[in-house]
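Asker: This is the structure, below, for whatever I ask next.
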Amino acid sequence: MIVGEGTAYPLAQSKPQPDPTDMNEQIGPHQMQGGLFWFGKTFYDGEGWTGTGGLGYFDPATASYHLYAPPEIAGWSVSAILVEPDCLWLALYRRGEYGNYPGGLLRWDRNTQTVRRWEMPWIATGMARSGDAIYLGLTNGIAALRGDRVVSYFVDRSGAGQYRMAVRN
């Protein structure tokens, strides 16, 4: 829900499937860009609750939501977002009854609304760009996407007590 100037703007829920689950979609990770409030949707998927993954933005000038639901994101929540002029980067994960599970990294092209996805066995909690790389803060280290390759790193301590970044295999 977005609240502004004393008015609340609740996020519309996706239409429920023909089963007894309740939809519980919420605004997840978010970023302001170009006067728009971009966000990824998040939802708990278990114990009678579910949702449909997606992304969108809230336009304060018109007080309206604009939602997108590419099929590649439908079963996933968004754990991190990076908004760039031509695309959105979304880290995906499943929030379930028995824990959280990684769903990879997704690039959504803002002009063509096409998707590209990279598999990742880690959950990202933050993203930033530096030069030609997208850096992802993970629950257990850091990863970098350069070109088509995602490499994960962790902090290692040598026998002499010095810390270094080591590539995770």
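Asker: Going residue by residue through the range 12-19, is there one that turns out to be under 22 Å from Ala91 (Cβ atoms) and at pLDDT 90 or above?
Answerer: no
Asker: Check Arg129 against each of (1) in a strand (DSSP E or B); (2) surrounded by 19 or more Cβ atoms within 10 Å (Cβ to Cβ) and name the one condition it does not meet.
Answerer: All conditions pass for Arg129, except number (2).
Asker: Turning to a different aspect of this structure: Using the structure shown, decide if Glu47 is farther than 21 Å from Ser77 by Cβ and either over 14 Å from the mean Cα position of the chain (by Cα) or modelled with pLDDT under 90 (or both).
Answerer: The answer is no for Glu47.
Asker: Kindly indicate the residue of the range 111-122 that is modelled with pLDDT under 95 and surrounded by 13 or more Cβ atoms within 10 Å (Cβ to Cβ) and also nearest to Phe43 (Cα to Cα) among those meeting that condition.
Answerer: The residue in question is Trp122.
Asker: Sticking with this structure for a sec: Can you name the condition, by its number, that Tyr93 falls short on among (1) in contact with a Phe, Trp or Tyr (Cβ under 8 Å, 6 or more places away or on another chain); (2) surrounded by fewer than 20 Cβ atoms within 10 Å (Cβ to Cβ); (3) in contact (Cβ under 8 Å) with a residue 12 or more places away in the chain?
Answerer: It fails just one condition, (2).
Asker: Here is a follow-up. Please specify each residue of the range 31-68 satisfying the condition of being part of a loop (DSSP other than H, G, I, E, B), among the hydroxyl-bearing types (Ser, Thr, Tyr) and either touching a strand residue (DSSP E or B) at 6+ places or on another chain (Cβ under 8 Å) or surrounded by 17 or more Cβ atoms within 10 Å (Cβ to Cβ) (or both).
Answerer: Residue satisfying the conditions is Thr52 alone.
Asker: While we're on this one: Give the residue, chosen from Arg107, Arg116, that is charged (D, E, K, R) and either farther than 17 Å from Pro29 by Cβ or part of a loop (DSSP other than H, G, I, E, B) (or both).
Answerer: That would be Arg116, the only listed residue that is charged (D, E, K, R) and either farther than 17 Å from Pro29 by Cβ or part of a loop (DSSP other than H, G, I, E, B) (or both).
Asker: Also, I was wondering about something else. Restricting attention to the range 74-91, does a residue exist that is under 22 Å from Gln13 (Cα atoms), at pLDDT below 95 and either out of contact with any Lys or Arg (no Cβ under 8 Å at 6 or more places or on another chain) or in a strand (DSSP E or B) (or both)?
Answerer: yes
Asker: Which of the following residues is touching a helix residue (DSSP H, G or I) at 6+ places or on another chain (Cβ under 7 Å) and crowded, with 19+ Cβ neighbours inside 10 Å: Leu145, Leu106, Leu136?
Answerer: On inspection, the qualifying residue turns out to be Leu106.
The values are calculated or read from the model by the stated rules, or taken from the named source; none is laboratory data. Since we're looking at a predicted model, the values are computed, not measured. As a convention, Cβ positions derive from the backbone with ideal geometry for all residues, glycine included, and neighbour counts pool all protein chains shown.
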